[in-house]
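Novice: One structure is given below, represented as structure tokens, and several questions about it will come after.
The values are calculated or read from the model by the stated rules, or taken from the named source; none is laboratory data. Remember, it's a predicted structure, so these values are computed and weren't measured experimentally. Neighbour counts are summed over all protein chains in view; Cβ atoms, including those assigned to glycine, are modelled from backbone coordinates with ideal geometry.
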Amino acid sequence: MNAWLGILLFLALAVAFGLLLGYAAVRFKVEGDPVVEIIDQKLPQTQCGQCGYPGCKPYAEALAKGEADVNLCIPGGEPTMLEIAEILKKDPKPMAAEATEPKPPMVALIDENLCIGCVLCIKACPVDAILGATKMMHTVIAKECTGCELCIPVCPVDCISMVTEEVSSKNWKWPQPNSVTRIPVEVKAVES
Amino acid sequence: MSTKTMRMSQLSHQFLTKLSAIVPLAKHWLYKFHGGIFPDYHKDLALKQPLRQGYMPKKLILPLQQHMGEPATACVKVGENVLKYQVIAQAIEPRSVPLHAPTSGKVVAIAPQPLPHASGVAEMAIVIEPDGLDEALTNPLQQDQLPPNNKQDPIAAFKHTILNAGVVGMGGAGFPSYAKLPNQPGLVKHLIINGAECEPFITCDDMLMQTHPAEILAGAHALATAFQIPNIIFAIESNKPNAIKAVRHAIAGQASNSVVKVQLVEVATVYPMGGQKQLIQELLGLEIPHNKHAIDIGIVMMNVATLRAIHHAINLGLPSVSRFVTVSGHGLKEPFNIETMIGTPFDELAMLAKPASSINYSLIMGGPMMGVRLVNNHVPVIKTTNCILANPPEPIHQAMACIRCGECAEVCPVNLLPQQLYWHAKAQEFDKTQDYKLFDCIECGCCAYVCPSHIPLVQYYRNAKAEIREQHAQAALAEQAKQRHEARLARIEREKLEREAKLAAKKAAVKAQAAEATPKKDVTAEPATTKLSAREKAMQAAKARQAAAAASSKKADSAAVKSEPAAPSAEDKRKAAMAAAKARAAAKQAKQAQQSDKKSATESVSVEDKRKAAMAAAKARAAAKKAQQESSDA
Ligand code: SF4
Ligand code: SF4
Ligand code: SF4
Ligand code: SF4
């Protein structure tokens, strides 16, 4: 008799916990792939497409699926590559030679005398940072520009150039007393 | 507190003061906060001389940014004559304060001038050449013309007036004073008048308390009346006996006609007693929680100079155009305190104090503990300048490795672990510095003062703080870019759907028409010609650029292609890159040809010409791009 009671009791418990877990699975369901979100957070969001994908999110998705290399994001450079490798538990890969140099942040500037109002740059800008209309002078909203350089090649009159931000008392940074140099990831020597 | 316990505490205090003369350790029992140091004060240097007044510099430099927050906007023109107290820059942005002409004269320039800031960068400033007449505007603040809804509300009127008068915290931070005050009465329980002035060398507040105690108290009373503050505490460090005497006298003189009685408290002489959190802890035994402000626990603290500026604004209707400045240091023969106009250059004031040798070293703005060495000595006194220090540079101690002695943690008034902060700041591990509460550090410099290895600890913290702030700003920008990109994608998607819907509707209409006319003939769907969008083209170009760079680095050439898992795609990329490179070269050639043509034709190229040339180049480029596209399509 007692044995039956025990079995019944545990059966009841199993059913109860099963229901609870089932409910939790529905109630606290994680939308989408969290890895994509985590990687996307680490990408610079320049949306420049230099990684070969039409934006940072698609690159993050490709990374999560294991289809892309970790070292493709040029603006993010080595720090981003290391972070991605860390998240995906993959080996770090050296960046292409030109990308290891950190570039100062830049924004696009339209020479307003030369602009012919062709709206081509507006179509190219991934973050809608260019303001203008057909046959009207265009201008870049410097605050919104990510410095992706996508607008540079499309301009038929080459009136867009990249400029660095000026140092002011607001963005000036105290230098480190004797700054440490970052240790670069080992670059594999390739025979020519 | 009963009189008996008060008497007891007074006695024990006296005993401890006597004891600390013999046993240095006993000094620490005289105050309530942790740590603190007892440096050489050198305060008598500048106090030997009487207060100077009335110096008229050749030029006044008035930076538009004298305070924390947004810069003011200039509202005068070059060549204009201005009167004393006239508004020369307005507060258009929120959290900004206006700027007034300190004397009458002519605006000779509105241009970037070097700032009294650690960076030494030049920013917009108005330069006034005084005419020496010192003609003043009558009723500069126009308090009788306040907006009507302000008249009933004393607090709004008060805040409006001190904003118009350009009053900012004159103790060092430069926070606009009106923004520090609440909007309702009764929220503030304590007004603390900060006369501690704990930094070595600096005596400008001391001098102000000795010479104008009544004005400070009048400012405090005006504030207390408007905000219905029940308690006023006047805190002065014990090493300023003359100031204490003067203030006690002034309080006795005012006691009969004032509502709130001012309580004078003599606090122990220890650095950094004048820090806001330290002084509050000392006077009230309260600690401000992390990420909160003094106002959140019902306390407003004002520097003595700020209160005098408030008195000038509220009771006399005068804007803030001058301040007390200490000019001191071992390199000067006659250090002094001066009441000088905002905009007076540092180097001129230093020359007034008879330098022992020519000042070929950089002056220090502020005290020796928290001040910064200037990049340029010809910078103006601004509303927050309390001291100009001419100390010839001492031999620099070579910083050595941290020996983990823990001295720094002993003296930190905020109870942080400076050696851990240093360790992580040096390694640029900013998350960890934040775990050790980097942002609670008040940059007082106690830790660096005692460090036996002479490590410039504070500069590491300042660097780490700046880096973290930039990281946050960049993260915010990235988030913004992401949102804008997503919004753009959504918009493109929506437009596409709309277009398709329109097309379908049209098709249906055509079909219906066709069905009416010739019911047998079927309409075939038109071929979907998907043209590449400008963005896609640009991206291809970007990719090609990258690939071209890869190809140009000869080393990676064959090996890289082989090691690449997707060899054909790399091959394609390379082809595309090659085509693109060729095309670009052609375009450049065309451009160069144009340019040389231009040069030979005319020296001065008009915009029209440039545009034409650019168009030609663009045509060449377009052709090149087509070639590239074809090659990449192939
Ligand atoms: S290269 Fe980097 S920044 Fe550019 S789109 Fe790809 S992931 Fe974003
Ligand atoms: S303006 Fe040009 S550089 Fe800036 S985000 Fe837009 S396309 Fe990129
Ligand atoms: S005082 Fe200097 S040496 Fe000693 S623990 Fe602190 S940082 Fe290290
Ligand atoms: S500078 Fe910062 S860490 Fe050093 S003693 Fe002062 S508050 Fe503490």
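Novice: Which pairs turn up if I take residues in the stretch B:329-355 that are within 20 Å of B:ASP205 (Cβ to Cβ) and look for partners that are in a helix (DSSP H, G or I) and of a type in the set (D, E, K, R) with beta carbon separation below 9 Å, at least 6 apart in sequence or on another chain?
Specialist: B:ASN337/B:ASP206
Novice: Sticking with this structure for a sec: Collect the residues in the stretch A:26-59 that are in a helix (DSSP H, G or I) and either surrounded by fewer than 10 Cβ atoms within 10 Å (Cβ to Cβ) or within 16 Å of ligand 4 (Cβ to nearest atom) (or both), keeping them in residue-number order.
Specialist: Keep residues of the stretch A:26-59 that are in a helix (DSSP H, G or I), which gives A:26-27, A:34-42, A:56-59.
Listed by number, the residues that qualify are A:VAL26, A:ARG27.
Yes/no per residue for (1) of a type outside the set (A, V, I, L, M, F, W, C); (2) assigned to a strand (DSSP E or B):
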{"site": "B:LYS245", "(1), (2)": "yes, no"}
{"site": "B:GLU266", "(1), (2)": "yes, yes"}
{"site": "B:GLU287", "(1), (2)": "yes, no"}
{"site": "B:VAL300", "(1), (2)": "no, yes"}
{"site": "B:VAL327", "(1), (2)": "no, yes"}
{"site": "B:HIS330", "(1), (2)": "yes, no"}
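Table: residues versus (1) surrounded by fewer than 23 Cβ atoms within 10 Å (Cβ to Cβ); (2) modelled with pLDDT under 90; (3) in the same structural domain as B:TYR449 (by TED's automatic domain parsing); (4) more than 26 Å from the chain's Cα centre (by Cα).
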residue: B:SER357; (1), (2), (3), (4): yes, yes, no, yes
residue: B:ARG373; (1), (2), (3), (4): yes, yes, no, no
residue: B:ASN377; (1), (2), (3), (4): yes, no, no, no
residue: B:LYS383; (1), (2), (3), (4): no, no, no, no
residue: B:CYS387; (1), (2), (3), (4): no, no, no, no
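Novice: On to the next question. Tell me, please, whether a residue that is crowded, with 18+ Cβ neighbours inside 10 Å, within 14 Å of another protein chain (Cβ to nearest Cβ) and not hydrophobic (A, V, I, L, M, F, W, C) can be found in the stretch B:89-98.
Specialist: At the first step, the residues of the stretch B:89-98 found to be crowded, with 18+ Cβ neighbours inside 10 Å are B:89, B:91, B:96-98.
Those still in the list that are within 14 Å of another protein chain (Cβ to nearest Cβ) too: B:96.
Now drop any that are not not hydrophobic (A, V, I, L, M, F, W, C), which leaves B:96.
Yes, the conditions are met somewhere in the stretch B:89-98.
Novice: It is to be established whether one or more residues within the stretch B:200-213 are among the polar types (S, T, N, Q) and touching a Ser or Thr at 6+ places or on another chain (Cβ under 8 Å). Let's see the steps before the verdict.
Specialist: Initially, the stretch B:200-213 is screened for residues among the polar types (S, T, N, Q), giving B:203, B:210-211.
Checking which are touching a Ser or Thr at 6+ places or on another chain (Cβ under 8 Å) leaves us with B:203.
There is at least one residue in the stretch B:200-213 that is among the polar types (S, T, N, Q) and touching a Ser or Thr at 6+ places or on another chain (Cβ under 8 Å).
Novice: Using the structure shown, decide if B:HIS454 is in a loop (DSSP other than H, G, I, E, B) and outside the structural domain of B:GLY274 (by TED's automatic domain parsing). If you could, list the steps in order and put the result at the bottom.
Specialist: Working: in a loop (DSSP other than H, G, I, E, B): yes; outside the structural domain of B:GLY274 (by TED's automatic domain parsing): yes.
Yes; evaluated as a whole, the condition is true for this residue.
Novice: Could you check, for the stretch B:36-53, whether at least one of its residues is aromatic (Phe, Trp, Tyr) and not assigned by TED's automatic domain parsing to the domain that holds B:ALA122? Steps first, answer last, please.
Specialist: The initial filter retains those residues of the stretch B:36-53 that are aromatic (Phe, Trp, Tyr), namely B:38, B:41.
Filter once more, so that each one left must be not assigned by TED's automatic domain parsing to the domain that holds B:ALA122: none.
Within the stretch B:36-53 (the criterion being aromatic (Phe, Trp, Tyr) and not assigned by TED's automatic domain parsing to the domain that holds B:ALA122), the answer is no, since none of the residues qualifies.
Novice: Given the conditions (1) more than 27 Å from B:HIS290 (Cβ to Cβ); (2) within 16 Å of ligand 2 (Cβ to nearest atom), and given that B:GLU479 satisfies all but one, which numbered condition is not satisfied?
Specialist: The one condition B:GLU479 does not meet is (1).
Novice: Next up: May I ask you to list the residues in the stretch B:38-71 that are in a strand (DSSP E or B) and surrounded by fewer than 20 Cβ atoms within 10 Å (Cβ to Cβ)?
Specialist: Filtering the stretch B:38-71 for residues in a strand (DSSP E or B) gives B:52-53, B:60-63.
Once the filter is applied, which keeps residues that are in a strand (DSSP E or B) and surrounded by fewer than 20 Cβ atoms within 10 Å (Cβ to Cβ), the stretch B:38-71 yields B:ARG52, B:GLN53.
Novice: Residues being more than 12 Å from the chain's Cα centre (by Cα) and at pLDDT 85 or above: count how many of those fall in the stretch A:72-91.
Specialist: Here the count works out to 8.
Novice: If you don't mind, there's one more thing I want to ask. Tell me yes or no: at least one residue of the stretch B:383-391 is aliphatic (A, V, I, L, M), part of a loop (DSSP other than H, G, I, E, B), within 16 Å of ligand 4 (Cβ to nearest atom) and touching a residue at least 60 places away in the same chain (Cβ under 8 Å). Show your work before the answer.
Specialist: First pass over the stretch B:383-391, keeping only residues aliphatic (A, V, I, L, M): B:388-390.
Of the ones still in play, those that are also part of a loop (DSSP other than H, G, I, E, B) are B:390.
Adding the requirement that they be within 16 Å of ligand 4 (Cβ to nearest atom) leaves none.
Looking through the stretch B:383-391, none of the residues is aliphatic (A, V, I, L, M), part of a loop (DSSP other than H, G, I, E, B), within 16 Å of ligand 4 (Cβ to nearest atom) and touching a residue at least 60 places away in the same chain (Cβ under 8 Å).
Novice: Here's another thing I want to ask about it. Need the failing condition index for B:HIS485 against (1) out of contact with any Gly (no Cβ under 7 Å at 6 or more places or on another chain); (2) within 16 Å of ligand 1 (Cβ to nearest atom), just the number.
Specialist: So the condition that B:HIS485 fails would be (1).
Novice: Then there's this: Give me a count of the residues in the stretch A:120-152 that are in contact (Cβ under 8 Å) with a residue 24 or more places away in the chain and either surrounded by 20 or more Cβ atoms within 10 Å (Cβ to Cβ) or farther than 16 Å from B:ALA487 by Cβ (or both).
Specialist: Kept after step one, since they are in contact (Cβ under 8 Å) with a residue 24 or more places away in the chain, are these residues of the stretch A:120-152: A:120-121, A:123-127, A:137-140, A:142, A:145-152.
Next cut, either surrounded by 20 or more Cβ atoms within 10 Å (Cβ to Cβ) or farther than 16 Å from B:ALA487 by Cβ (or both) only: A:120-121, A:124-127, A:137-140, A:142, A:145-152.
Qualifying residue count for the region: 19.
Novice: For the condition crowded, with 19+ Cβ neighbours inside 10 Å and more than 14 Å from chain A (Cβ to nearest Cβ), what is the one hit in B:CYS408, B:CYS441? If you could, list the steps in order and put the result at the bottom.
Specialist: Numbers: B:CYS441 fails: more than 14 Å from chain A (Cβ to nearest Cβ).
The unique qualifying residue is B:CYS408.
Novice: Go through the residues of the stretch B:444-452 one by one and say whether even a single one is more than 30 Å from B:ARG308 (Cα to Cα), within 16 Å of ligand 4 (Cβ to nearest atom), within 14 Å of another protein chain (Cβ to nearest Cβ) and surrounded by fewer than 18 Cβ atoms within 10 Å (Cβ to Cβ).
Specialist: No, that holds for no residue.
Every residue, every condition in (1) away from chain B (no Cβ under 12 Å); (2) hydrophobic (A, V, I, L, M, F, W, C); (3) at positive phi, yes or no:
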residue	(1), (2), (3)
A:ILE7	yes, yes, no
A:LEU11	yes, yes, no
A:VAL15	yes, yes, no
A:GLY22	yes, no, no
A:PHE28	yes, yes, no
A:GLN47	no, no, yes
A:TYR53	no, no, no
A:LYS57	no, no, no
A:ALA60	no, yes, no
